[in-house]
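Taking it in order: structure first as C-alpha cells, then the write-up.
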Amino acid sequence: MRAATSLLRRVGGRGAAAAGGGTLLGRRWLCLPPHSLLPMPALSPTMTQGNLVTWKKKEGDSIEAGDVIAEVETDKATVDYEAVDDGILAKILVPEGTEDVLVGTSVAVVVDEAGDVGAFADYVPSSSTGNKAELAPAKPAPAPAPAAAAPPPPPAGVVAAAAPRAAGAPVPASPLAKRMAAQMGIPLAALKGTGPGGRVIAADVKEPSAEEATTAKGAAPGAAVVPAGAEYIDLPNSNIRKVTAKNMVKNKNENPHYYDHARASETQPSPPPPPPPSLPDLCHTLASAASQALEAKISVNDYVIKAAALALKEVPACNSSYTDEYIRERCQYSAADISVAVNTDRGLLTPIVFGAASSRWTLAGLAKENKLKPEQFLGGTFTISNLGSMGVKQFTAIINAPQACILAVGGADVKVVPDGKGGFTTKSVMVVSLSSDHRVVDGMIAAQYLKSFKKYMENPLLLLLSAP
C-alpha cells in the first residue's frame, strides 16, 4: 500500500553503523551498500500486527513502484503490499507464512543496483533497525554435548516422547504448522509432533496419503478431514475472527443496548383501481428487467438497504456515532453509508454501500472472495444484518461501534389478514429489530425510524420515486 511510503528506511555508509548503535553488529555491517528496509505497513487504522501470507517477488527480482511484492493479512482482510519505489529485492527477512509480525518490523531489504544483492546474503537486522519481532531461526542450533554423567542421547532421528496431553488440551504447534494444517484440512490432533516437547512443526504437516484421501473423498468441499479416532480439531483463528471477537465483547459491554421490534409487510392492501404491486411482485419484475438489460441481479436485500437509507434521511439521529467528546450526527441530506454484514469463511466482514439511497449492493462477492480493499469496509454510518435467507425469523444484533444503530432483518412469513372489505387476504410480513445505543438514540427516535422504514417497505413504489 502507498501508505507505507513514509515507513521506508534508507540505510548505508555511516548510517549503517548508526543503525547498529555502535555495537559489534553495527560495525559488522559498516560497509554494506546503500539500501532500504521495507517495514510491515499499517494497512488499516486498527492494525498493530499482521500475517505475511505470501511473497509475490523473490530475492534478486526487480521491483517497480506499484508492483505487488507481498500479501499481508490484516485484522480486516488480506491486502496487497505495493512497492512505492523502484529497486531490487536483495533479502527477504520475514518468510512467508509468518504470523503476528508487528507493524514497523523490517520484512525485506531493497537495493538500487543488482550487483549489491550478494552483499546481503547473510544480513540479519538488529532490533534497532526496526526488527521488533523475534523470528524462529531457519535451522535449529546444534544441541550441546551431553555431560559425562548424563545418559547417552537417543539415536539420530528419534524424538523424545512428549508428556501425555490431557483430553481437550490444545495441541502445541508452531504458527506456520497451524496455518498449513488448516489449509490442508488436517487436524493437529492427528499429527505427531517432532519439535521440542512434541510440538508440531511445519515439517510434520504433510499431504494426506492416497488411502486418507480416498477416505475423505466424500467430505464436503473445504471441510476438515477428521481421521478415525480423533477427539477434536483445532482450527486456528484468522485475524478477522480475533478482531471481531474482541470488538464484539467490547461493543456489548461498553455500549448500552436496547431493542425495538416492528413488523413490516411486503404487501399493502390498497383500494382499486389499480392496486400497487407488492414488493415480491415488484422485485420479480425489476429483477427480470435488470437481468435482461443490465445483467444485474436485484434481491429483496437491495430494497431493504435502500429503505433503510431513505429512513435515515428522515430520522438522521439514527445515522450517528458516539464519542466521549461529542455525538456526530449526519445531516438530513448527507449520504447514508450502510455497512452490510457478510459471513465469510474467514469471519464476519461489513463492506459498505456508500450513498445507499442511490447505490446498489455489489460487494458481497468481493467480501466472500477476500478481495475487498480497506476503503470498501472501513467506516460506515449504519449497519444491516439480514439472516432472512437462512430461515431466521427474528433476532437482535450487536451494535457496530462507533455507529449508533444496527438493523437485524428476519425472514418473511405469509400471514392471513383482514382485507378491509369484510373478507381476508394474505400478505408477506417480516420482523425487523433495531439495536440502538441509548447514549445517542432514545426510544422515541428508534420508533420513528422503524415507522419510516416500514413505510418504504410497505409501499415499494416510494423506493423508486424517492430522489437520491
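Numbers below:
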quantity: Only listed residue being at pLDDT 90 or above and in contact with a Gly (Cβ under 6 Å, 6 or more places away or on another chain), chosen from 117, 110, 94; calculated: 110
quantity: Output for region 300-331, where each listed residue is part of a loop (DSSP other than H, G, I, E, B) and touching a residue at least 24 places away in the same chain (Cβ under 8 Å); calculated: 315, 319, 323, 330
quantity: Which listed residue, of 368, 393, 373, is under 17 Å from residue 262 (Cα atoms), open to solvent by 30 Å² or more (accessible area, probe 1.4 Å), touching a strand residue (DSSP E or B) at 6+ places or on another chain (Cβ under 8 Å) and not assigned by the TED database to the domain that holds residue 43; calculated: 393
quantity: Candidate set from region 48-82 (those that are part of a loop (DSSP other than H, G, I, E, B) and free of Cβ contacts under 8 Å to residues at least 40 places away in the same chain); member that is farthest from the chain's Cα centre (by Cα); calculated: 61
quantity: Selection status of residue 429, open to solvent by 50 Å² or more (accessible area, probe 1.4 Å), on the phi < 0 side of the Ramachandran plot and modelled with pLDDT of 85 or more; calculated: no
quantity: Matching residues in region 433-444 - criterion: being surrounded by fewer than 20 Cβ atoms within 10 Å (Cβ to Cβ), out of contact with any Ser or Thr (no Cβ under 7 Å at 6 or more places or on another chain) and in contact (Cβ under 8 Å) with a residue 12 or more places away in the chain; calculated: 438, 439, 443
quantity: Test: residue in region 326-337 that is of a type in the set (Asp, Glu), open to solvent by 60 Å² or more (accessible area, probe 1.4 Å) and at pLDDT below 60; calculated: no
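Residues checked against (1) closer than 23 Å to residue 371 by Cα; (2) buried (at least 19 other Cβ atoms within 10 Å of the Cβ); (3) hydrophobic (A, V, I, L, M, F, W, C):
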residue	(1), (2), (3)
31	no, no, yes
34	no, no, no
47	yes, yes, yes
50	yes, yes, no
61	no, no, no
66	yes, no, no
71	yes, no, no
74	yes, yes, no
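The values are calculated or read from the model by the stated rules, or taken from the named source; none is laboratory data. Here the structure is a predicted model, which means the values were calculated and not measured. Glycine also receives a Cβ, built like all others from the backbone with ideal geometry; neighbour counts cover every protein chain displayed. Surface accessibility is based on the protein's heavy atoms, side chains included, excluding ligands, DNA and RNA. Shrake-Rupley method; radii C 1.70, N 1.55, O 1.52, S 1.80 Å.
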